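Remarks on the structure that follows.
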Amino acid sequence: MPIRKATVNDIPELVQLINSAYRGESSKKGWTTEADLLDGARISDDSLASMLEKPGVTMLLYCNENNAIEGCMYLQQQDNKLYLGLLTVAPQLQAKGIGKQLLAAAENHAHALQCTIITMTVISIRRELVAWYERHGYQPTGETKPLPADPAVGLPRQPLELIVMEKTI
């Protein structure tokens, strides 16, 4: 698998990738867009740098043969759980198996850390995304969380909540 760990040198390319997949016109080329739900950028250089400095964090990248980043995900160990966030694939490359490869890499990372559960949050009304995770073994826990009221992750156009999903590995 063409997967490697991110470094601070990857931040500018990662920010461009993440924003292109979640927000703006470019995101509408893929099925993971949040452009109709939230305004503003999904992430900034500063917020990503802060995330990468947190204890237990690894960001894995999916790169092509030219080492260009085509996908990524944020992983943070939290005791025996591994939190998975920002699973991102370039909009024009979605539905080609990159996300599935990143999920497999997350499971390998969890095993290496002796984590038994992978957990994540998903915007509740993103039914197609929830269904995709369910097809990959993740289940809603019944827990919900409010979407963070933080312009650094976007400004909601309507009330939104997150559902917590988990997979035991």
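The values are calculated or read from the model by the stated rules, or taken from the named source; none is laboratory data. This structure is a prediction, so every number in the text was calculated from the model and none was measured. Reconstructed Cβ throughout: ideal geometry from the backbone, glycine too, with neighbour counts over all protein chains shown.
Brief remarks follow.
- Unique residue being farther than 23 Å from Ala95 by Cβ and touching a residue at least 12 places away in the same chain (Cβ under 8 Å) when the list is Ser20, Ser44, Ser50, Ser26: Ser44
- Matching residues, region 133-155, being within 25 Å of Gln16 (Cα to Cα) and touching a residue at least 12 places away in the same chain (Cβ under 8 Å): Tyr133, Leu147, Pro151, Ala152, Val153, Gly154, Leu155
- Filter pass, Glu70 being touching a Cys at 6+ places or on another chain (Cβ under 9 Å) and among the acidic types (Asp, Glu): yes
- Per the conditions (1) out of contact with any strand residue (DSSP E or B) (no Cβ under 8 Å at 6 or more places or on another chain); (2) closer than 28 Å to Gln158 by Cβ, the sole criterion not satisfied by Leu84 is (1).
- Taking residues in region 100-116 that are among the hydroxyl-bearing types (Ser, Thr, Tyr), and partners anywhere that are assigned to a helix (DSSP H, G or I), the pairs with Cβ atoms closer than 8 Å and at least 6 places apart or on different chains are Thr116/Ala110.
- Exactly one residue among Thr141, Thr119 is in contact with a Lys or Arg (Cβ under 7 Å, 6 or more places away or on another chain), closer than 17 Å to Asn80 by Cα and not hydrophobic (A, V, I, L, M, F, W, C), and that residue is Thr119.
- The condition (being acidic (Asp, Glu), touching a strand residue (DSSP E or B) at 6+ places or on another chain (Cβ under 8 Å) and surrounded by fewer than 17 Cβ atoms within 10 Å (Cβ to Cβ)) is satisfied by just one residue among Asp45, Asp79, Asp39: Asp39.
- Among the residues of region 122-169, those that are hydrophobic (A, V, I, L, M, F, W, C), over 20 Å from Asn108 (Cα atoms) and assigned to a strand (DSSP E or B) comprise Val122, Ile123, Leu155, Leu162, Ile163, Val164.
- The set of residues in region 117-128 being among the polar types (S, T, N, Q) and either surrounded by 17 or more Cβ atoms within 10 Å (Cβ to Cβ) or in contact (Cβ under 8 Å) with a residue 40 or more places away in the chain (or both) consists of Thr119, Thr121.
- Each residue in region 12-28 was checked for being surrounded by fewer than 18 Cβ atoms within 10 Å (Cβ to Cβ) and at pLDDT below 85, and 3 of them qualify.
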